[in-house]
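The values are calculated or read from the model by the stated rules, or taken from the named source; none is laboratory data. These figures come from a predicted structure and were not determined experimentally. Heads up, the Cβs are rebuilt from the backbone with ideal geometry, glycines too, and the neighbour counts pull from every protein chain shown.
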Amino acid sequence: MKETLNANAQAVLEVVRSSHNHPTALEVYEAVRKVRPRIGVASVYRILHSLAQQGLIRELGRSDEACRYDGHIERHDHAICTACGALLDLPVEVRLSEEALRSAAQAAGIELHSHEVRLYGLCTACRQRLQAESTED
Ligand SMILES: [Zn+2]
Ligand SMILES: [Zn+2]
């Protein structure tokens, strides 16, 4: 099913595809407003949801406030900075065996459809900031 996107949906898709920081719905709204000044925040939420349902972008997380969007739709993993919350794409694949994934899914009682690995730690900017703070008098 291929729907033609209207100008607002096209603008939202462009914003998500061109950002590399997995924007939240509100961040997408702020950026889209620069090119489509009359767009409302509710339309942005609705468009994001429908683009995700069409498989054109990925929705990361379920609740509206916490939800971030990813224009990179092939399977990939993420790293999260525990200090600033930055969500980064991992440039390399973390390899897990199909068997390990299946048995973990089975233990949780879910039928496996996809998986994602998340690494938690401090990003480069936060490490530098903390280091600078600790050397200050
Ligand atoms: Zn950080
Ligand atoms: Zn991503």
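Residues are listed down the side, and each one gets a yes or a no for (1) of a type outside the set (Ser, Thr, Tyr); (2) more than 16 Å from ligand 2 (Cβ to nearest atom); (3) in contact with a Cys (Cβ under 8 Å, 6 or more places away or on another chain):
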{"site": "Ser43", "(1), (2), (3)": "no, yes, no"}
{"site": "Thr82", "(1), (2), (3)": "no, yes, no"}
{"site": "Glu99", "(1), (2), (3)": "yes, yes, no"}
{"site": "Leu112", "(1), (2), (3)": "yes, yes, no"}
{"site": "Leu119", "(1), (2), (3)": "yes, no, no"}
{"site": "Arg129", "(1), (2), (3)": "yes, yes, no"}
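List the residue pairs whose Cβ atoms are under 7 Å apart, where the first residue sits in region 85-113 and is outside the structural domain of Thr24 (by TED's automatic domain parsing) and surrounded by 10 or more Cβ atoms within 10 Å (Cβ to Cβ), the second is modelled with pLDDT of 95 or more and small (Gly, Ala, Ser), and the two are 6 or more positions apart or on different chains.
If the second residue must be modelled with pLDDT of 95 or more and small (Gly, Ala, Ser), the pairs left are Leu112/Ala105.
Would you mind stating whether Ala52 is assigned by TED's automatic domain parsing to the domain that holds Glu30 and either within 16 Å of ligand 2 (Cβ to nearest atom) or more than 13 Å from the chain's Cα centre (by Cα) (or both)?
Yes: the conditions hold for Ala52.
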